[in-house]
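K.L.:
Once you've had a glance at the structure underneath, I'll fire off some questions.
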Amino acid sequence: MTIATKKQYESLTEERAILYAKGLHFFSEDAELNCREIGDGNLNYVFHIKDAQSERSLIIKQALPYAKVVGESWPLTLKRATIEANALKKQAKFVADLVPTVYATDEELAITVMEDLSHLKIAREGLIRLESYPKLSQDIGEYLAQTLFHTSDFALHPFEKKRLVSEFSNPELCKITEDLIFTDPFFDHETNDFEPSLRAEVEVIWNNERLKLEVAKLKRSFLTEAEALLHGDLHTGSIFASETETKVIDPEFAFYGPFGFDVGIFLANLIVQSITREAEARNIILQHIEQTWGVFSSNFSILWKSKGIESYNDTKGFEEYILDKVFRDTLGFAGCELIRRTIGLAHLKDLDAIADEEQRLRFKKQALQVGEELILKRYDLHSIEAVIALLEELHK
Ligand code: SR1
Ligand code: MG
């Protein structure tokens with residue numbers, strides 16, 4: 001449902017969100033609604049609205065006309081709310097159980113009304129507390145294979161594929177990624193943010209021409225390879241999880257880009273957990289890393305054989321070539337994400353919240369080291385097992 005409104009954009013408060021929810025006719029007329037703003041991301045308001053009597057609830061997400069993380073000095077398109085809602089609806093066609101249901105959208109107010117997932121926890125928060133998410137890698141591997149394959153030229157008529165490329169043109173949000181992941185961390189840029197004790201390691205990165213050449217190639221892939229509809233920001237803060245459920249939220253960065261980007265961003269966020277954990281807790285994460293790639297690649301392969309429409313699909317070596325390219329890109333993008341989350345503008349609680357300074361710095365240096373190695377060695381690491389071995393080396 002699209003709600004018709006003649007309103008000019010104005011940001012909601014908790015009180016206004018309740019009034020807005022009443023107009024949706026989702027709750028009974030006499031419902032006594034409670035509302036809390038629960039958004040802890042960098043960009044949006046998220047209102048949780050609940051009728052205490054019936055227990056019915058929903059989420060009203062509103063994009064702000066600027067990046068919340070920086071303030072009003074960083075204006076940001078409201079069109080991202082429409083991109084996000086349309087991406088969720090598109091993904092629901094392939095992985096309905098793994099994304100929240102969209103109930104309504106309102107373009108003028110940049111609002112998406114959706115299923116309340118507050119019985120689940122943001123995966124990053126749970127992972128930091130060593131909570132167990134046994135389904136995480138199975139579900140995310142499946143999500144990646146289904147959403148990426150079905151929105152690619154391997155599954156779509158070329159006219160429909162190109163229509164979607166245009167529908168999901170998202171230049172402002174892509175620019176954030178281009179700057180914050182692929183450019184700024186590799187130069188002495190004012191957006192960077194790192195502890196003074198890391199300066200020596202950071203300067204090594206800024207002066208490493210071989211590394212910068214590889215990052216330039218990865219940035220070019222991100223800019224030019226419109227392979228599939230990406231989530232665009234698939235870190236563990238974009239995932240709600242429990243022991244039995246996984247839901248991927250927040251695809252406001254969605255656009256047509258290279259297959260390996262979503263896979264790489266997700267793996268990088270698991271890699272950070274593998275750095276900060278010890279013993280059995282670390283093994284669980286290493287298994288998730290291995291299984292994510294395993295589930296993604298085997299499901300992609302099954303879809304290739306069962307649903308592929310490309311004339312060359314049966315040509316010997318083509319499928320292997322594609323999956324090998326996705327694997328190399330995945331490692332490279334994961335490396336860029338590790339570096340930017342350590343020294344760029346947007347950090348991770350997994351690392352920043354470690355109180356012990358010596359330990360925190362050691363982990364951050366390891367994140368930088370793994371990031372550099374994944375970028376530089378991505379053509380020498382021939383399997384996900386080789387990546388696991390590289391991660392295990394850190395703890396020897
Ligand atoms: C200004 S936005 C900073 C970061 O938050 C988002 O979640 C993306 O990861 C972006 O790079
Ligand atoms: Mg987000």
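K.L.:
So which residues in the stretch 219-275 are closer than 27 Å to Lys121 by Cβ and among the basic types (Lys, Arg), if there are any at all?
P.N.:
Of all residues in the stretch 219-275, those closer than 27 Å to Lys121 by Cβ come to 229-254, 261-275.
Listed by number, the list holds a single entry, Lys247.
K.L.:
Identify, please: which residue in the stretch 236-247 is within 22 Å of Gly335 (Cα to Cα) and more than 8 Å from ligand 2 (Cβ to nearest atom) and is, among those, surrounded by the most Cβ atoms within 10 Å (Cβ to Cβ)?
P.N.:
Ile239
K.L.:
Having 2 or more residues that are within 23 Å of Lys135 (Cα to Cα) and within 16 Å of ligand 1 (Cβ to nearest atom) is the bar; report the helices (runs of 4 or more DSSP H) wholly within the stretch 268-376 that clear it.
P.N.:
Ranges flagged: 349-352.
K.L.:
Further, regarding this structure: Provide a single number: the residues in the stretch 66-90 that are assigned to a helix (DSSP H, G or I) and either among the β-branched types (Val, Ile, Thr) or more than 15 Å from ligand 2 (Cβ to nearest atom) (or both). Outline the logic, then answer.
P.N.:
We begin by selecting, within the stretch 66-90, every residue assigned to a helix (DSSP H, G or I); these are 79-90.
Going one step further and asking which of them are either among the β-branched types (Val, Ile, Thr) or more than 15 Å from ligand 2 (Cβ to nearest atom) (or both), we end up with 79, 82-83, 86, 89-90.
Selection size over the stretch 66-90: 6.
K.L.:
What about Ala81, is it of a type in the set (A, V, I, L, M) and more than 27 Å from Ile275 (Cα to Cα)?
P.N.:
For Ala81, the condition - of a type in the set (A, V, I, L, M) and more than 27 Å from Ile275 (Cα to Cα) - is met.
K.L.:
Then there's this: If I go through the stretch 11-31 residue by residue, how many of them are part of a helix (DSSP H, G or I) and at pLDDT below 95?
P.N.:
0
K.L.:
Let me ask something additional. Kindly indicate which of Ala52, Ala92, Ala104 is farther than 21 Å from Lys175 by Cβ, without any contact (Cβ under 8 Å) to a residue 60 or more places away in the chain, small (Gly, Ala, Ser) and surrounded by 13 or more Cβ atoms within 10 Å (Cβ to Cβ).
P.N.:
Details: Ala52 fails: surrounded by 13 or more Cβ atoms within 10 Å (Cβ to Cβ); Ala104 fails: without any contact (Cβ under 8 Å) to a residue 60 or more places away in the chain.
Matching residue, one of Ala52, Ala92, Ala104: Ala92.
K.L.:
Here is a follow-up. Checking the structure you have, find out if any residue of the stretch 153-171 is surrounded by 19 or more Cβ atoms within 10 Å (Cβ to Cβ), closer than 25 Å to Gln273 by Cα and in contact (Cβ under 8 Å) with a residue 24 or more places away in the chain.
P.N.:
Taking every residue of the stretch 153-171 in turn, none turns out to be surrounded by 19 or more Cβ atoms within 10 Å (Cβ to Cβ), closer than 25 Å to Gln273 by Cα and in contact (Cβ under 8 Å) with a residue 24 or more places away in the chain.
K.L.:
Moving to a separate point now. Is there any pair linking a residue in the stretch 14-30 that is surrounded by 10 or more Cβ atoms within 10 Å (Cβ to Cβ) to one that is among the basic types (Lys, Arg), with Cβ under 9 Å and at least six apart or on different chains, and which?
P.N.:
Glu14/Arg36; Phe26/Arg56; Phe27/Arg56; Ser28/Arg56
K.L.:
I've got another one for you. Taking the condition of being part of a loop (DSSP other than H, G, I, E, B) and either more than 16 Å from ligand 1 (Cβ to nearest atom) or without any contact (Cβ under 8 Å) to a residue 60 or more places away in the chain (or both), how many residues in the stretch 211-232 meet it?
P.N.:
Number of matching residues: 3.
K.L.:
When the stretch 269-296 is examined, which residues are found to be more than 22 Å from Glu84 (Cβ to Cβ) and within 16 Å of ligand 2 (Cβ to nearest atom)?
P.N.:
Correct list: empty.
Listed here are the residues, each with its yes/no results for (1) within 16 Å of ligand 1 (Cβ to nearest atom); (2) closer than 25 Å to Lys349 by Cβ; (3) not polar (S, T, N, Q).
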{"position": "Glu32", "(1), (2), (3)": "no, no, yes"}
{"position": "Cys35", "(1), (2), (3)": "no, no, yes"}
{"position": "Asn44", "(1), (2), (3)": "yes, yes, no"}
{"position": "Ser57", "(1), (2), (3)": "no, no, no"}
{"position": "Lys61", "(1), (2), (3)": "yes, yes, yes"}
{"position": "Thr77", "(1), (2), (3)": "yes, no, no"}
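K.L.:
Okay, moving on. Would you confirm whether or not the stretch 180-195 contains a residue that is within 16 Å of ligand 2 (Cβ to nearest atom) and either part of a helix (DSSP H, G or I) or acidic (Asp, Glu) (or both)?
P.N.:
Yes, the stretch 180-195 contains at least one residue that is within 16 Å of ligand 2 (Cβ to nearest atom) and either part of a helix (DSSP H, G or I) or acidic (Asp, Glu) (or both).
K.L.:
As an exercise: evaluate Leu218 against (1) in contact with a helix residue (DSSP H, G or I) (Cβ under 6 Å, 6 or more places away or on another chain); (2) within 16 Å of ligand 2 (Cβ to nearest atom) and give the number of the one condition it does not meet.
P.N.:
Failed condition: (2).
The values are calculated or read from the model by the stated rules, or taken from the named source; none is laboratory data. Here the structure is a predicted model, which is why all the values come from computation and not from measurement. Positions of Cβ are backbone-derived with ideal geometry, glycine not excepted, and every protein chain shown enters the neighbour counts.
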